[in-house]
Amino acid sequence: MNNSIIPARFYGHSLTPLFNERAKKVQEAKKHIRYSDPWDINPRARPLTSPSPYKQEFWKQNEALANAAELSEYDDILCCFVFQDENERRRFIVTYPEDFWTDCERMPLEKRVFYEVIPELSPCFLYYDLEFEVDLNPDKDGVRMAQTLIHVTCEYIAYHWKCSCDRRAVINLDSSRPGKFSKHLIFSTSDFAFSNNYHVGYLVKMICSDLVDYVSRESAQHDVLSKFSKESLEELFIETNKGKKLFVDLNVYTKNRHFRVYKATKWGKHSHLQQAPECQYSWPKKPKSKEMEIFLNSLVSYMPRKKKLQLLSFDQDKKSKILSYSQHTEMKQNYAPKEYAKSPYPVLDKYISELIKPGKVRDSKFFEIRQLIIYEIVGFRYCENIGRWHKSNNVYYIVDIVNKTMYQKCHDEDCAGFISDPKRLPVEVTFYFEDECDPLFLDLNDYNAKD
Ligand SMILES: [Zn+2]
């Protein structure tokens, strides 16, 4: 399989020349990569600062999510986005968020109908979808209501988990249009997130039911809500065709939820999510690209700074709980052990085994969709990043069947994100790969050859 999306299908034909130009540049750059013999280990190999581009398109969400989960590394996280075309067909794109944004920025605004998929059971930030019909609520001050809700939410988090945050942690995106007030709030907090979006849903539903209860009773007392004036809390209720309710949409905390991303619109609505003027999020002083910064930070399930994160959750009795990110990951792994196919190429297995003597291949995992094989190694811990053996942590090799190359990565935390220079595999080995080229792969090659 090829790594790239067929551009005409993904972007529409108008952007194809632009994509081709980019592909050409990549091809040019690749010519300058020096390949060496696997034994010719270069101790000065430079860690790559950014992940190599990856983009894969799927019709089925499950396949896309599995692909993103399989190929995400500790520091290089792939996300799954949904693109909806004018016929309301949805396609799923797995890619690095930075690359996704770069491509988005080249698209005409009206075609940016994109959603983030919030993967089930994955950590995510707290988010709100707020809305009301302006005609039914002519006197409502949506901006003030949102500020009140942020304040209330922060007080709940402080009360239940002793974590502090305020409006400077909240990205406030607005897509109001005449007649409709509409906002997304994303609590892009730096030191905590939630175990998954069900837990976000539990919290939001608890806040909402407390609000209903508190506002409806004359002399109610509440540990959190009593800190607020009743008037400001009553203001959060809006008129709808079905009666009075809160302006909070409670339906957005479901399995693999699609959540519209920054600058995206619904088809034909011209209601792009923009940063609200009253947004008080503390942006970094000098971001490389402010737009990219807004996009990345407003993603609900993308958390590259996760090492430091505490994950908030409720237990079965709805008691609040805090876990570290690694505890969460362990729990998730125990909960759903993954089964992978082994390498289908005995000649390649033999070649790798020879390379790492006296070490051994402990396990191989074949990722069929992306045509990658990962070899877990024991007894041979030479890491190109440090130019010597690790004392305890193991290294692993990744073979890229499509590009016929292999490279080394490392389980040592200090080497997180390190990828060695790719090394070309010998013809005696790659000879056996050729049979595996299916017609789709050949088509894609022909396509790329045209530019
Ligand atoms: Zn290492």
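Per-structure values
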quantity	calculated
Whole-number percent relative contact order across segment 82-143, with pairs defined as alpha carbons under 8 Å at least 6 apart	30
Proximal lysines to Lys342, defined as alpha-carbon separation beneath 17 angstrom and excluding residues fewer than eight positions away on the same chain	Lys350, Lys360, Lys365
Label-to-label distance, nm, for residues given as Asn403 and Glu63 (7 Å Cα→Cβ offset)	2.3
Accessible surface, segment 146-207, averaged per residue in Å² (probe 1.4 Å)	32
Spin-label pair Asp223/Glu133, simplified geometry with 7 Å Cα→Cβ offset, distance in nm	3.9
Estimated FRET transfer efficiency when R0 is 35 angstrom, pair Lys342-Asp191 (beta carbons, to 0.05)	0.30
Exposure of His160 as accessible area (Å², to 10), given a probe of 1.4 Å and all protein chains	50
Difference of contour (0.36 nm per residue) and Cα-Cα distance, Lys286 to Glu239	12.7 nm
Efficiency of FRET from Cβ geometry, Gln327 and Arg424, R₀ 41 Å, rounded to 0.05	0.50
Cβ-based net charge around Tyr96, under 9 Å, with every Lys or Arg adding one and every Asp or Glu removing one	-2
Förster radius 30 Å - calculated FRET efficiency between Ala158 and Glu120 (Cβ-Cβ, nearest 0.05)	0.60
Label zone at Asp315 (point 7 Å along Cα-to-Cβ), backbone N below 19 Å, segment 146-160	159-160
Prolate/oblate/rounded label for segment 58-187 (Cα gyration tensor, a/c 1.5)	oblate
Rounded D (µm²/s) - segment 135-259, Kirkwood Rh over Cα pairs, Stokes-Einstein at 20 °C, 1.002 mPa s	137
Once the Cα gyration tensor of segment 220-295 is diagonalised, semi-axes √(5λ) in Å	31, 21, 13
Exceeding the 28 Å Cα-Cα cut-off - candidates Lys255/Lys288; Lys255/Lys318; Lys60/Lys266; Lys111/Lys140; Lys55/Lys321	Lys255/Lys288; Lys111/Lys140; Lys55/Lys321
Segment 198-239, Cα convex hull volume normalised per residue, Å³	79
Distance between segment 93-111 and segment 118-144 - C-alpha centres, whole angstrom	24
Ser289 accessible area, assembled protein chains, probe 1.4 Å, Å²	40
Paramagnetic reach from Glu86 in segment 254-283 [backbone N under 14 Å; point 7 Å along Cα→Cβ]	267-269
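The values are calculated or read from the model by the stated rules, or taken from the named source; none is laboratory data. Quantities reported herein were computed from a predicted structural model and do not represent experimental measurements. A quick note on method: Cβ atoms are made from the backbone with ideal geometry, for glycine too, and the neighbour counts reach across all protein chains shown. Surface areas here come from the heavy atoms of the whole protein model, side chains and all, with no ligands, DNA or RNA. Shrake-Rupley method; radii C 1.70, N 1.55, O 1.52, S 1.80 Å.
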